[in-house]
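The structure appears below as structure tokens.
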Amino acid sequence: MMGPAIRRRALVDNVARRRDELVAAYMPMAARIARGFVGRGQDLDDLTQVAMLELVRAASRFDPVLGFAFAQYAHPCIIGGLKKHFRDNGWSLHITRRMQELHLQTSRTLPGLTQHLGRHPTIAELAIHLHLSETDARDGVDAGRAFNTQSINAPTRDEQGLELAEILGALDPRLESAPDRLMLAQYTAVLPRLQQRILHLRFFDGLSQQEISERLGVSQMQISRLLSRSIDRLRTEMLAHARQP
């Protein structure tokens, strides 16, 4: 008689043999399902690998005692694994699972709703139909832009053979100074109107003190004195702000 250890080993071997037989028999089915997902931005080799892995998992979990054919069980398992692969890896840019789900909801609904209305639905109509807020509906539609992105080295459609990077705007050198300029505007706004006018003519219009004097009808000495007073006050206020925790 076989001991418990031998019986367990025999059972494990039988399960492994049955799994291997199922995998070998249904590999063509898994490959066929994978080919059905071609054209969505993923290589066929990657899709086939995902399908085969799901086939092995299905064969390992399959229980023939339940009375179902293996194909009935494995087919939805493989499709589910491929769809999950696209949800997790098919996006060119990483977005949250919530955004992916919103995109799936809106993208599945838009064709039918468009046909029903006879036109493209508005965000408000889409939100009402899906019982979502307008923000969520808009996020779902916009999230589709993250699925496929375009390389900046891709050629443009003009006849000059330029790459996309060559027609993109350059970085704005004033961007990093935006917070400082905003704070400067706040402190400048509390200065007397004449001092604000002088600062603007000097530093924005680029006029000399003499030109400002002639335009405002004020002596150049007074212009110089008001400029110094304004700059000193701004410097004091901004330094005090910078020291605050």
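Read-outs throughout are calculated quantities, based only on the coordinates presented, and are distinct from any laboratory measurement. Quick caveat: nothing in here was measured; it's all calculated off a predicted structure. Glycine also receives a Cβ, built like all others from the backbone with ideal geometry; neighbour counts cover every protein chain displayed.
In this rough spin-label picture, where each label sits 7 Å from Cα along the Cβ direction, the VAL56-GLU214 distance is 8.6 nm.
Extending 7 Å from Cα along the Cβ direction at VAL65 and again at ASP180 yields two label points whose distance is 7.6 nm. Spin-label model, ARG229 to ARG97: label points 7 Å out along the Cα-to-beta-carbon direction sit 6.5 nm apart.
Counting pairs of Cα atoms in the range 178-243, how many percent are more than 16 Å apart? Cα-Cα pairs of the range 178-243 separated by over 16 Å account for 45 percent. Shape index of the range 97-146: Rg/Rh, with Rg the Cα radius of gyration and Rh the Kirkwood radius from the inverse mean 1/r over Cα pairs, equals 0.94.
Seen from LEU113, the other residues with C-beta closer than 12 Å to its C-beta sum to a net charge of +1, counting Lys and Arg as +1 and Asp and Glu as -1.
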